[in-house]
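The values are calculated or read from the model by the stated rules, or taken from the named source; none is laboratory data. Keep in mind it's a predicted model, so treat the numbers as computed, not measured. All Cβ positions, even for glycine, are placed from backbone atoms using ideal geometry, and neighbour counts span all protein chains on display. For the accessible areas, the whole protein counts, side chains as well, though only heavy atoms, and no ligand, DNA or RNA atoms are used. Shrake-Rupley method; radii C 1.70, N 1.55, O 1.52, S 1.80 Å.
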Protein chains: 2
Amino acid sequence: MGESEIKRRHTRTLLLGDLPIGGKAPVRVQSMTTTDTRDVESTIAQIKALEDAGCEIARVAVPNREAAAALHRIKEGISTPLIADIHFDYRLALKAIEEGVDGIRINPGNMKADRVREVVLTAKDSPAVIRLGVNSGSLEKDILSKHGGPTADALVESALRSIRFIEDLGFERLKVSLKSSHVPTMVAAYRGLAEKTDYPLHLGVTEAGTLLRAAIKSAAGIGSLLIDGIGDTIRVSITGDPLHEIPVAFGILRALDVRRVGPDIISCPTCGRCEIDLPSLVDEFERNLAGVGADIKIALMGCVVNGPGEAAEADIGIAGGRGEGLLFKKGKIVRKLKESEFLSVLLEETGKLIAERERGK
Amino acid sequence: MGESEIKRRHTRTLLLGDLPIGGKAPVRVQSMTTTDTRDVESTIAQIKALEDAGCEIARVAVPNREAAAALHRIKEGISTPLIADIHFDYRLALKAIEEGVDGIRINPGNMKADRVREVVLTAKDSPAVIRLGVNSGSLEKDILSKHGGPTADALVESALRSIRFIEDLGFERLKVSLKSSHVPTMVAAYRGLAEKTDYPLHLGVTEAGTLLRAAIKSAAGIGSLLIDGIGDTIRVSITGDPLHEIPVAFGILRALDVRRVGPDIISCPTCGRCEIDLPSLVDEFERNLAGVGADIKIALMGCVVNGPGEAAEADIGIAGGRGEGLLFKKGKIVRKLKESEFLSVLLEETGKLIAERERGK
């Protein structure tokens with residue numbers, strides 16, 4: 001009610017295994033393993049943990065022949081589509097396709113044209129999708145020198161060059177990424193490319209750093225593009241355990257109302273007006289709701305300034321007063337609660353709502 | 001080199017105390033206390049802690065007469081401009097101005113027009129700035145019913161109505177905020193208002209929740225606007241200790257290259273290609289650099305794919321190999337390092353660079 005909706009840009013739909021990407025498909029969340037790809041067992045275990053967290057596409061590094069030869073066995077052990085990440089050596093791409101991966105990611109900045117041709121012609125005889133992964137850290141030398149550095153225009157030119165080259169070979173199962181660690185450059189590049197092609201775009205801020213820093217950079221960069229309807233798959237890149245990437249990715253999609261996965265918990269920062277212990281309530285409530293996937297909106301508000309207004313827009317809300325508060329359901333005041341009742345009543349009402357939603361499915 | 005720059009929208013410059021806002025002034029970071037404003041000592045202590053963290057504008061809730069009467073004493077104890085946050089009761093605004101605050105924040109959704117008039121006429125005889133704080137949780141009833149809810153257009157209409165009303169009284173020391181807890185609505189509202197007025201805009205996603213959730217929502221909402229050059233002051237609203245708001249706010253400005261405060265640490269997510277313990281290195285390096293305000297760019301990269309490229313764009317960089325790595329300074333390879341030397345050499349080189357920068361000032 002009363003909320004602005006994002007209009008998604010039109011893109012083609014691709015199938016990555018059985019998973020549609022682009023077009024009207026939800027914006028997909030992907031991640032990449034940090035295990036040694038040759039270690040099949042650890043790699044499968046990490047991908048399964050990512051799947052449990054909600055990851056929809058798994059990518060693995062393929063730096064050598066042994067890693068490529070492990071791909072078929074890895075694919076057998078997992079449910080998500082599998083992408084092989086290839087740099088430099090086109091033979092690893094050929095081997096990955098032979099192993100039956102759902103997609104390969106190649107970087108036109110570090111593979112010669114005649115070798116890209118061989119990879120594309122091999123992919124053409126398979127169901128594999130190709131992601132063109134252009135990255136400011138590995139652009140073609142002639143493009144870098146023409147633009148004086150890894151500018152947004154340089155990234156777009158690199159992508160368009162490779163797109164045309166691959167289209168001329170009769171291959172169109174492409175998605176494209178244009179990553180830069182400099183957020184305004186990344187945003188300008190994707191905006192530029194989105195005007196020139198309707199291939200699905202994979203969004204990411206590369207080399208974004210540790211958890212909070214990466215969440216900020218990714219939300220700003222990916223978020224700016226999603227708000228303009230750009231983006232079909234996303235990856236939040238965090239230095240460390242890739243499991244942390246998934247809640248941040250869904251958090252960005254949730255924050256922008258692009259995918260309603262999990263609860264939207266609205267809570268005020270509190271100020272000199274707040275006469276309840278709101279931070280503890282929110283913390284405990286969030287802890288209790290960890291892992292819940294239902295699309296519900298809860299407003300936990302410290303006072304009467306914006307409390308009733310926010311609570312009226314939420315499925316369930318509390319607007320605090322002095323050691324007490326009003327309980328709202330779907331915009332209507334239900335009753336007054338003592339502060340000591342807040343958590344138990346909230347959890348009870350939330351549980352009822354989730355059960356209703358489940359029955360309604 | 002090669003990076004896209006954000007072009008800031010033209011806005012008027014206001015003085016908040018001695019602090020310029022809008023125009024060519026840096027995008028300012030503000031926060032709000034959670035102490036009881038009547039408790040002068042605690043409020044000053046919290047503002048001083050916020051100042052130490054880099055906060056440039058402090059706002060306090062003024063819910064009652066005693067809080068208003070404490071404002072002069074609070075102002076005496078702090079260095080940042082002081083803003084009084086007023087709802088419902090116009091007499092508190094009059095008292096706040098009398099107490100010498102640098103600005104008041106009023107919410108046109110909860111104060112009658114003839115009372116707003118009295119506040120504005122009183123502010124006119126003082127140096128105080130007025131922030132019109134429009135909030136989706138407390139819009140005027142007639143505007144809500146006209147638009148069928150707190151839409152972006154409803155927020156813009158509410159703001160424009162109050163702006164015109166105040167301008168007609170001959171007052172123009174205004175800044176404006178249009179907050180919503182729904183990020184696409186908030187972004188659409190600010191974009192709409194930015195086309196219609198050149199008053200400085202204060203950006204925030206309201207009721208954004210706890211730390212990580214709030215960082216994501218704020219970076220997406222505030223970030224999307226900053227990328228388009230919109231925004232003159234920002235507030236990241238986090239449920240809990242306001243001290244957490246400041247690094248997130250500067251993190252957003254840093255990520256978008258809007259203000260270069262503190263180091264930009266680029267680090268890759270690592271993958272099956274990485275043969276050094278990069279996450280530990282980044283963690284320890286970040287810990288050592290906590291609180292450093294110098295504008296430096298450091299790239300810590302796990303392998304040769306994007307490592308040399310990112311390192312070449314940074315002031316100092318490491319591109320990892322098998323248990324070793326290359327040290328880069330300003331784009332040139334300096335020497336090969338053993339993994340055990342990484343942290344000490346990085347800290348030494350960073351220290352030298354900061355010292356150079358200091359001397360250069």
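General observations
- Cα gyration tensor category, rounded, prolate or oblate, for region B:3-255 with a/c compared to 1.5: rounded
- Phi-based couplings in Hz for region A:168-181 (Karplus 6.51, -1.76, 1.60; Gly and Pro marked x): 4, 8, x, 10, 9, 7, 10, 10, 9, 10, 9, 9, 9, 7
- Treating r as the C-beta distance of B:Phe171 and B:Lys196 and R0 as 30 Å, the FRET efficiency rounds to 0.95.
- Cα centroid separation, region B:128-161 to region A:150-167: 44 Å.
- Note that region B:264-360 shows a convex hull volume over its alpha carbon atoms of 84 Å³ per residue.
- Dipole magnitude (debye, nearest 20) for chain B, charges at Cβ of Lys, Arg, Asp, Glu: 680 debye
- When each of A:Lys179/A:Lys217; A:Lys332/B:Lys175; A:Lys338/B:Lys141; A:Lys146/A:Lys179; B:Lys48/B:Lys179 is checked by Cα-Cα distance, pairs over 23 Å: A:Lys332/B:Lys175; A:Lys338/B:Lys141; B:Lys48/B:Lys179
- The angle between the Cα long axis of helix B:245-255 and the longest principal axis of the Cα atoms of chain B comes to about 60 degrees, rounded to the nearest 10.
- Per residue, the average separation of C-alpha pairs within less than 8 Å and at least 6 apart gives chain B a relative contact order of 13 percent.
- Whole-Hz ³J(HN,Hα) from phi, Karplus 6.51 cos²θ - 1.76 cosθ + 1.60, for region A:189-203, glycine and proline x: 5, 4, 4, x, 5, 4, 6, 10, 8, 10, 5, x, 10, 9, 9
- Note on chain A: with a GNM built from Cα contacts shorter than 10 Å, the maximum mean-square fluctuation among A:Thr185, A:Thr13, A:Thr210 falls on A:Thr210.
- For the options B:Ala159, B:Ala96, B:Ala299, a Gaussian network treatment of chain B with springs between C-alpha atoms closer than 10 Å singles out B:Ala299 as fluctuating the most.
- Whole-number percent relative contact order across region A:1-100, with pairs defined as alpha carbons under 8 Å at least 6 apart: 23 percent
- Candidates B:Phe250, B:Phe285, B:Phe171, ranked by Gaussian network fluctuation over chain B, Cα under 10 Å, top entry: B:Phe285
- Across region A:133-142, computed HN-Hα scalar couplings (Karplus, 6.51 cos²θ - 1.76 cosθ + 1.60, θ = phi - 60°) run x, 7, 9, 4, x, 8, 7, 4, 5, 5 Hz from first to last residue, x flagging Gly and Pro.
- Distances between placed amide hydrogens fall under 5 Å for A:Val205 paired with A:Ser237, all partners being 5 or more residues away or on another chain.
- The magnitude of the dipole of the protein assembly as shown, with charges of +1 and -1 set on the Cβ of Lys/Arg and Asp/Glu and taken from the Cα centre, is near 1360 debye.
- Averaged over the residues of peptide B:234-243, the number of Cβ atoms from other protein chains lying within 10 Å of each residue's Cβ is 4.
- Average partner coverage of A:59-66, which counts Cβ from other chains inside 10 Å: 3
- The mean number of partner chain beta-carbon atoms within 10 angstrom of a residue's beta-carbon across peptide B:172-180 is 1.
- Helical mean residue ellipticity (222 nm; -39500 (n - 2.57) per DSSP H run of 4+; nearest 500) of chain A: -12500 deg cm²/dmol
- Starting from the label point of B:Ser145 at 7 Å along Cα→Cβ, the same points in the other copies fall at 7.1 nm, in ascending order.
- Helix axis angle, B:211-227 relative to chain B longest principal axis, alpha carbon, degrees: 80 degrees
- Inter-copy spacing of A:Phe88 label points, which lie 7 Å from Cα along Cα→Cβ, given in nm from shortest upward: 6.8
- Each principal axis of region A:8-114 carries a Cα extent, and these read 39, 36, 20 Å when sorted largest first.
- Inter-copy spacing of B:Asp283 label points, which lie 7 Å from Cα along Cα→Cβ, given in nm from shortest upward: 2.1
- Our summary gives region A:264-360 a relative contact order of 23 percent, counting only alpha carbon pairs under 8 angstrom and 6 or more residues apart.
- Residues whose placed amide H lies under 5 Å from that of A:Lys179, excluding near-sequence neighbours: A:Val134, A:Asn135, A:Ser136
- Put simply, the amide H of A:Lys297, placed in the peptide plane, has neighbours under 5 Å in A:Asp264, A:Asp315, A:Ile316, leaving out anything fewer than 5 places away on its chain.
- Stokes-Einstein diffusion coefficient of the protein assembly as shown, Kirkwood radius over Cα pairs, 25 °C, 0.890 mPa s, in µm²/s: 92 µm²/s
- Using heavy atoms of the protein chains and a probe of 1.4 Å, the accessible area assigned to B:Met111 is about 20 Å².
- A simple charge model with +1 on the Cβ of Lys and Arg, -1 on the Cβ of Asp and Glu and nothing else charged puts the dipole of region B:46-186 at about 220 debye relative to its Cα centre.
- Cα centroid separation, region B:173-227 to region B:9-54: 17 Å.
- Cα-based helix-to-principal-axis angle, A:113-124 vs chain A, degrees rounded to 10: 70 degrees
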